[in-house]
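Okay, structure first, notes after.
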Amino acid sequence: MTIQGTVHQYADNVDTDVIIPARYLNTADPGELAKHCMEDIDADFVRRVRPGDIIAARQNFGCGSSREHAPLAIKAAGISLVIARSFARIFFRNALNIGLPILECPRADEINAGDELRVDLSAGLIENLTQGTAYEAEPFPPFLRDIIEKGGLMEAIRGS
């Protein structure tokens with residue numbers, strides 16, 4: 001599975017409260033959540049993001065509340081992949097459960113906003129087409145790739 005997109009870059013400790021502010025948690029509608037994704041940390045995010053784009057962040061992405069709305073808002077906004085040095089464990093699980101690919105990459109802080117990336121999830125290879133560099137991430141084992149490719153845990157279970 002290969003993903004290619006433009007990067008939106010964020011720093012350390014991006015918590016679920018800024019990914020999707022609590023004032024919007026009265027809905028689970030992905031389209032409605034997408035309209036407010038990242039608005040408290042990046043007011044122009046929703047206007048800039050294009051289907052297939054990628055978020056690159058530093059450490060502890062998705063920390064804070066264990067709300068499932070956060071990865072759902074990101075995915076519904078059009079983000080195809082999140083790359084970070086590290087993720088909060090509950091965000092990691094919630095992302096995979098809804099079929100949002102995420103990769104931990106020790107060199108994620110070398111990726112800049114606007115860079116164009118091509119990512120091979122099977123190999124864990126991240127090519128920065130803008131900088132002409134490459135980074136390694138831990139590839140997903142086949143059973144996790146299957147969950148992602150089927151759109152999330154529930155869809156994977158239904159298809160079994």
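The values are calculated or read from the model by the stated rules, or taken from the named source; none is laboratory data. The model shown is predicted, which means the values in this text are computed figures rather than measured ones. Cβ atoms come from the backbone with ideal geometry, glycine included; neighbour counts cover every protein chain shown. These area figures cover heavy atoms from the full protein model, side chains too; ligands, DNA and RNA do not enter into them. Shrake-Rupley method; radii C 1.70, N 1.55, O 1.52, S 1.80 Å.
Evaluate the stretch 42-63: report whether one residue or more is surrounded by fewer than 24 Cβ atoms within 10 Å (Cβ to Cβ), modelled with pLDDT under 95, within 21 Å of Asn13 (Cβ to Cβ) and of a type in the set (D, E, K, R). Among the residues of the stretch 42-63, not one is surrounded by fewer than 24 Cβ atoms within 10 Å (Cβ to Cβ), modelled with pLDDT under 95, within 21 Å of Asn13 (Cβ to Cβ) and of a type in the set (D, E, K, R), which makes the answer no. Got at least one residue in the stretch 125-138 being open to solvent by less than 30 Å² (accessible area, probe 1.4 Å), under 20 Å from Leu72 (Cβ atoms) and of a type outside the set (S, T, N, Q)? Scanning the stretch 125-138, I find no residue that is open to solvent by less than 30 Å² (accessible area, probe 1.4 Å), under 20 Å from Leu72 (Cβ atoms) and of a type outside the set (S, T, N, Q), so the answer is no. Figure legend. Inter-residue proximity from the stretch 1-15: first residues open to solvent by 20 Å² or more (accessible area, probe 1.4 Å), second residues not in a loop (DSSP other than H, G, I, E, B), beta-carbon distance below 6 Å, spacing 6+ or different chains. Indicated pairs: Thr2/Asp120; Gln4/Arg118; Thr6/Glu116; Gln9/Ala56; Asn13/Cys63; Asp15/Cys63.
Close contacts from the stretch 132-158, counting a first residue that is on the phi > 0 side of the Ramachandran plot and a second that is at pLDDT 90 or above and not β-branched (Val, Ile, Thr), with Cβ to Cβ under 8 Å and a gap of 6+ residues or different chains, come to Gly151/Gly99; Gly152/Leu96; Gly152/Asn97; Gly152/Gly99. Among the numbered conditions (1) among the charged types (D, E, K, R); (2) crowded, with 20+ Cβ neighbours inside 10 Å; (3) in contact with a Ser or Thr (Cβ under 6 Å, 6 or more places away or on another chain), the only one that Lys75 does not meet is (3).
Val18 passes every criterion in (1) part of a loop (DSSP other than H, G, I, E, B); (2) of a type in the set (A, V, I, L, M); (3) surrounded by fewer than 18 Cβ atoms within 10 Å (Cβ to Cβ) apart from (1). In the set Ile90, Ile54, Ile126, only one residue is within 13 Å of the chain's Cα centre (by Cα) and of a type outside the set (Ser, Thr, Tyr); that residue is Ile54. Restricting Ile147, Ile157 to residues that are of a type in the set (Val, Ile, Thr), closer than 21 Å to Ile98 by Cα and open to solvent by 70 Å² or more (accessible area, probe 1.4 Å) narrows the list to Ile157. The residue of the stretch 81-97 that is surrounded by the most Cβ atoms within 10 Å (Cβ to Cβ), among those that are in contact with an Asp or Glu (Cβ under 7 Å, 6 or more places away or on another chain) and over 14 Å from Thr16 (Cα atoms), is Ala84.
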